[in-house]
Amino acid sequence: MTASLSAATLGIVLVALGFGALLLRRSLIWKLLGLNVASGGAILFLVALSHRPGARPPLMGYPEGVPSADPLPQALVLTAIVIHFATLALSLAYAISLTERLHTQETGRLEEAAEEEMER
Amino acid sequence: MTAAVAGIAGYFVLGILGFLVPWARALSAGALLVGTVAYALWFPGFPTGYLGLGDWAIPWRGDILAASFWGLSLFLHLILLVHQEGGRPQHYYALVTLLFGTVLSTVLSQDIFNLYVSLELTSLIAFLLVGIEGKPAQVWASLKYLILTSCGMIFYLLGVGFVYAETETLSLVRLSSSAPAMAPGLRLGIALLLTGAAAKGGVFFYALWLPVAHGYAPAPVSALLSSLVVKMGIVALARISAAFGIGEVLVALGLVTGFLGILHMFWEKKLKVFLAYSTMSQLGYVLLGFGLGAWEGAVAYAVAHGLFKALLFLAAGEAEREAKSHLIPRHVGRISGETRALLGLGALAIMGVPPLAGYAAKGLITAVAPPWVKGVLIALSLGTAASFARLLVLPLGEGPKFEIRHPALWVLVAAVAGTGIWGLVSFPGIALPRALLTALLVSAAGITMGWPFSRLSARLPRWHLEEALLALLFASLALLLFQFLSG
């Protein structure tokens with residue numbers, strides 16, 4: 001396996017940055033953005049794995065004989081991107097619904113409001 | 001295998017059609033029919049097969065685990081279709097149909113990435129179902145569920161990358177037959193995969209979204225989540241650990257989740273959150289079973305828990321409606337005789353009182369456990385009985401008198417008793433008088449212990465979003481250390 005090390009490292013750094021935002025920011029929107037950066041990092045990591053030095057893209061129509069990049073991680077990444085898109089869309093829709101009803105985006109207050117609602 | 005694929009395809013097509021037409025409930029019943037026929041066709045042969053072409057094919061295997069989960073899913077689908085509890089929008093039935101379809105496909109999968117897609121799909125549908133009534137508490141619970149499982153699945157995705165980089169395959173069949181050398185990269189990858197599956201599968205510290213998501217969701221959705229959806233993460237844990245031969249990790253996770261779940265149950269006032277913590281603790285039995293290699297016992301426990309936890313959650317939904325409150329103390333004297341009976345029967349089943357389903361399944365795990373695990377299992381049973389003693393108080397209060405209004409729930413009771421008796425008849429080893437007496441004594445001792453415990457008070461962490469996330473990060477580090485230090 002001759003993955004692109006720099007890109008793989010960058011992917012892992014992005015995951016760490018995303019998690020940092022998730023932990024440290026109080027606003028829901030910031031947290032969701034952090035989550036999205038982290039999933040982007042995971043995707044970049046998978047793409048980096050398929051890289052081979054001097055390789056052609058794994059597509060038809062490129063000259064035969066030259067080694068191609070590994071197509072499998074790229075296929076996985078396409079699926080993962082679709083899933084992350086759906087998750088992000090849903091989470092933003094929920095964030096809008098919460099902001100409209102409770103008039104705050106601070107997660108601590110949202111959590112308290114939810115608990116209050118259930119303590120009846 | 002064609003039959004199983006056709007059954008799953010039927011579920012997906014009818015589920016999606018359900019969004020377009022105003023009679024999704026009828027389509028859902030149609031999907032159940034298709035699924036049952038498919039099950040009858042594939043189940044007897046325990047077939048294995050591939051989906052797709054050549055090297056890229058995804059291996060599927062119909063083993064005892066898959067067969068049991070198909071049976072459980074189809075039965076619960078029937079119960080949810082028959083059980084009437086107020087009007088539900090039609091897209092609720094469409095989503096439920098899709099959720100059952102993804103469960104049916106997840107349990108057959110033998111491919112790491114196919115498992116990832118299936119797990120994400122069950123989560124996405126579950127997020128929609130938790131928030132389906134649109135109450136702010138439910139939307140928040142769903143969002144917390146979404147954020148924490150997504151973090152888990154990011155770990156899983158990184159794990160897929162590491163395992164693929166080391167072994168050049170994602171097929172669990174190929175991985176288990178080739179037994180790759182445990183290079184550091186592979187150990188890291190496995191730890192990440194297990195973290196992701198544990199975050200999805202309701203293991204304590206990894207999945208602290210579970211108390212609110214299962215506790216705040218509408219009752220039938222809670223039943224579905226506890227009975228089936230968290231088990232998909234457990235199935236992934238079992239499949240991955242079996243392929244790499246690392247059962248001891250599951251034993252460790254099972255011990256942690258078993259006892260910490262019980263600890264939180266003692267001081268939880270909300271009925272459904274209480275049941276949610278109980279799910280975390282019950283998963284401990286299933287993980288111990290899988291970790292010790294007692295597959296039949298673990299699968300039996302997963303199915304038994306699926307049946308009685310569905311019963312408990314559906315009965316809890318009735319109790320909350322009747323008492324107009326989420327809190328256990330306010331239910332005393334306000335709920336109907338039927339609901340009290342159903343909650344009481346569910347509590348007895350979860351304690352492992354023979355002949356109900358819980359006893360037989362516990363017996364199958366205990367039969368293969370080494371002596372120290374037998375002690376742990378008895379301690380877990382004591383704790384479960386002590387914490388559920390609080391639900392046995394409910395029948396004592398006065399309240400409206402007994403009248404059967406929910407026949408579907410009594411069918412569920414019959415299934416809990418029926419599977420238990422079937423287990424006792426087909427495995428005579430667990431029906432010995434001594435074992436039966438021990439189980440009764442342990443339950444009685446546990447219930448007695450429950451009284452003093454209910455007088456104590458304690459301050460336990462509330463597991464807000466940041467705390468839950470930190471717990472997940474630290475627990476993933478712990479798993480990593482475990483992977484590197486064990487063998």
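To keep it simple, each residue is scored yes or no on (1) of a type in the set (Lys, Arg); (2) within 24 Å of the chain's Cα centre (by Cα); (3) surrounded by fewer than 16 Cβ atoms within 10 Å (Cβ to Cβ).
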position	(1), (2), (3)
B:Thr2	no, no, yes
B:Val5	no, yes, no
B:Gly18	no, no, no
B:Ala31	no, yes, no
B:Phe46	no, yes, yes
B:Ile64	no, yes, yes
B:Leu72	no, yes, no
B:His77	no, yes, no
B:Pro89	no, no, yes
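Looking only at the range B:353-362, residues that are part of a loop (DSSP other than H, G, I, E, B) and within 19 Å of the chain's Cα centre (by Cα) come to 1 in all.
In contact (Cβ under 8 Å) with a residue 24 or more places away in the chain and either closer than 25 Å to B:Gly62 by Cα or touching a Pro at 6+ places or on another chain (Cβ under 8 Å) (or both), is that true of B:Ile147? When the stated conditions are applied, B:Ile147 does not pass them. A residue that is within 10 Å of chain B (Cβ to nearest Cβ), surrounded by 16 or more Cβ atoms within 10 Å (Cβ to Cβ), part of a helix (DSSP H, G or I) and polar (S, T, N, Q) occurs nowhere in the range A:75-82. Would you be able to say whether some residue in the range B:127-135 is closer than 30 Å to B:Phe43 by Cα, in a helix (DSSP H, G or I), in contact (Cβ under 8 Å) with a residue 60 or more places away in the chain and more than 10 Å from every other protein chain (Cβ to nearest Cβ)? Looking for residues that are closer than 30 Å to B:Phe43 by Cα, in a helix (DSSP H, G or I), in contact (Cβ under 8 Å) with a residue 60 or more places away in the chain and more than 10 Å from every other protein chain (Cβ to nearest Cβ), one finds at least one in the range B:127-135, hence yes. Residues of the range A:92-120 that are farther than 19 Å from A:Ala21 by Cβ, assigned to a helix (DSSP H, G or I), more than 9 Å from chain B (Cβ to nearest Cβ) and not charged (D, E, K, R): A:Ala93, A:Ile96.
Within the range B:104-120, at least one residue is out of contact with any Asp or Glu (no Cβ under 9 Å at 6 or more places or on another chain) and under 29 Å from A:Leu102 (Cα atoms).
Checked against (1) buried (at least 20 other Cβ atoms within 10 Å of the Cβ); (2) over 16 Å from B:Gly202 (Cβ atoms); (3) in contact with a Phe, Trp or Tyr (Cβ under 7 Å, 6 or more places away or on another chain), B:Leu121 passes all but a single condition, namely (3).
Per the listing B:Val221, B:Val235, B:Val203, the residue uniquely touching a residue at least 40 places away in the same chain (Cβ under 8 Å) and closer than 18 Å to B:Gly261 by Cβ is B:Val203. Please find, within the range B:295-346, the residue that is farthest from B:Met232 (Cα to Cα) out of those that are surrounded by 20 or more Cβ atoms within 10 Å (Cβ to Cβ) and basic (Lys, Arg). So, considering only residues that are surrounded by 20 or more Cβ atoms within 10 Å (Cβ to Cβ) and basic (Lys, Arg), the one farthest from B:Met232 (Cα to Cα) is B:Arg340. Checking every residue in the range B:273-283 against the condition of being in a loop (DSSP other than H, G, I, E, B) and within 14 Å of chain A (Cβ to nearest Cβ) gives zero matches. Among the residues of the range B:97-126, those that are away from chain A (no Cβ under 12 Å), β-branched (Val, Ile, Thr) and under 16 Å from the mean Cα position of the chain (by Cα) comprise B:Thr102, B:Val103, B:Thr106, B:Val107. Criterion first (in contact with a helix residue (DSSP H, G or I) (Cβ under 9 Å, 6 or more places away or on another chain) and either crowded, with 24+ Cβ neighbours inside 10 Å or closer than 30 Å to B:Pro407 by Cα (or both)) does B:Ser281 satisfy it? Against the criterion (in contact with a helix residue (DSSP H, G or I) (Cβ under 9 Å, 6 or more places away or on another chain) and either crowded, with 24+ Cβ neighbours inside 10 Å or closer than 30 Å to B:Pro407 by Cα (or both)), B:Ser281 qualifies.
So that you can scan it fast, the table gives a plain yes or no per residue for (1) within 14 Å of another protein chain (Cβ to nearest Cβ); (2) hydrophobic (A, V, I, L, M, F, W, C); (3) in contact with a Ser or Thr (Cβ under 8 Å, 6 or more places away or on another chain); (4) under 16 Å from B:Ala478 (Cα atoms):
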site	(1), (2), (3), (4)
B:Ser178	no, no, yes, no
B:Ala183	yes, yes, no, no
B:Phe204	no, yes, yes, yes
B:Gly215	yes, no, yes, no
B:Val221	no, yes, no, no
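I'd like the full set of residues that are among the acidic types (Asp, Glu) and modelled with pLDDT of 90 or more, limited to the range B:131-189. Once the filter is applied, which keeps residues that are among the acidic types (Asp, Glu) and modelled with pLDDT of 90 or more, the range B:131-189 yields B:Glu133, B:Glu166. Within the range B:44-53, can one find any residue that is farther than 28 Å from B:Gly293 by Cα and part of a helix (DSSP H, G or I)? Among the residues of the range B:44-53, not one is farther than 28 Å from B:Gly293 by Cα and part of a helix (DSSP H, G or I), which makes the answer no. Of the residues B:Gly429, B:Gly450, B:Gly446, B:Gly420, the single one that is small (Gly, Ala, Ser), surrounded by fewer than 12 Cβ atoms within 10 Å (Cβ to Cβ) and in a helix (DSSP H, G or I) is B:Gly429. Taking every residue in the range B:462-475 that is at the interface with another protein chain (Cβ under 7 Å from one of its Cβ atoms) and surrounded by fewer than 21 Cβ atoms within 10 Å (Cβ to Cβ) and pairing it with any residue that is part of a helix (DSSP H, G or I) and acidic (Asp, Glu), at least 6 positions away or on another chain, the pairs with Cβ-Cβ distances below 8 Å are B:His464/A:Glu111.
Taken together, the residues in the range A:13-59 that are crowded, with 16+ Cβ neighbours inside 10 Å, assigned to a helix (DSSP H, G or I) and either modelled with pLDDT of 90 or more or more than 8 Å from chain B (Cβ to nearest Cβ) (or both) amount to 25. Among the candidates A:Leu72, A:Leu22, the residue that is within 28 Å of B:Leu115 (Cβ to Cβ), of a type in the set (A, V, I, L, M) and in contact with a Gly (Cβ under 7 Å, 6 or more places away or on another chain) is uniquely A:Leu22. Residues of the range B:323-352 that are aliphatic (A, V, I, L, M) and part of a helix (DSSP H, G or I): B:Ala323, B:Ile328, B:Ala341, B:Leu342, B:Leu343, B:Leu345, B:Ala347, B:Leu348, B:Ala349, B:Ile350, B:Met351.
The values are calculated or read from the model by the stated rules, or taken from the named source; none is laboratory data. Since the structure is predicted, the reported quantities are computational estimates derived from the model, not experimental observations. Cβ: placed from backbone, ideal geometry, glycine included. Neighbour counts: every protein chain shown.
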